[in-house]
Amino acid sequence: MTQQTTSSAVTSIRIAASKADVWQKVGFYEHVKKQASWLLRLSLPVPQEVEGKYAAVGDTCRCKYSDGGYLTKRITNIVDQHRIEFEIIEQSIRYQHTIKLRGGYIEVEQLDGEHSIVNMVTYYENRIFPRRISSYFIEKVIKTMHQFVIGDMQLQLENRVQGNSAGMVNG
């Protein structure tokens, strides 16, 4: 029997917004409305339908993907305005037998009054040999997904600021 080891992909990105503002925009890949990059569309199934919520410990969020599969997350811990942790409790997407997603977290840290850091971590088991080579590509795709999600959070914050500025000029 082969021993499975859990690996992690970690992404940290600085956002020009306060921790409280960033926390209001925290979400997952399946909640992003804009089209993903060609790398993500080629590598990952595209989210189609989302049901459930992720506001409290025990909440589940189930997403149907373009390949007909599902991924269900359960919230395992929330530290308000700081960290949301989750585990994967259902996975039937196309690569379920080669890459087993385990869970992860999103964390927001305050740098100063105007900047925060968003850390995203995804835990997974790589069942593709040779592991050293396949892990490089798996981590690249996961980090690209993290950047996509954090980029969407940042865009929402920028749009909100622009909307407020426009309102003050016109108001």
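We did not get these values from a lab; they are worked out from the coordinates using the rules stated. Bear in mind that the values here come from a model prediction, so they are computed numbers and not experimental data. Every residue, glycine as well, gets a Cβ built from its backbone with ideal geometry; the counts of neighbours run over all protein chains shown.
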A student applying the Cα gyration tensor rule (rounded when a/c is under 1.5; otherwise prolate if a/b is larger than b/c, oblate if not) would label the chain prolate
Rounded to the nearest 0.05, FRET efficiency between GLN24 and HIS97 (Cβ-Cβ, R0 22 Å) equals 0.05
Compute the long axis of helix 131-170 from its Cα atoms, compare it with the longest principal axis of the Cα atoms of the chain, and write down the angle in degrees, 0 to 90, nearest 10.
20
Net charge dipole size for the chain [Lys, Arg +1 and Asp, Glu -1 on Cβ; Debye, nearest 20]:
600
The stretch 6-162, relative contact order in percent, only Cα pairs under 8 angstrom and at least six apart counted:
30
Helix-only [θ]222 nm of the chain, DSSP H runs n ≥ 4, -39500 (n - 2.57) each, per residue, nearest 500:
-10000 deg cm²/dmol
Calculated FRET efficiency, GLN110 and GLN35, Cβ-Cβ r, R0 25 Å, to nearest 0.05?
0.20
List the lysines whose Cα lies under 20 Å from the Cα of LYS100, skipping any in the same chain that are fewer than 8 positions away.
LYS64, LYS73, LYS140, LYS143
Distance (nanometres) between label positions extended 7 Å along Cα→Cβ at THR6 and ARG127
1.7
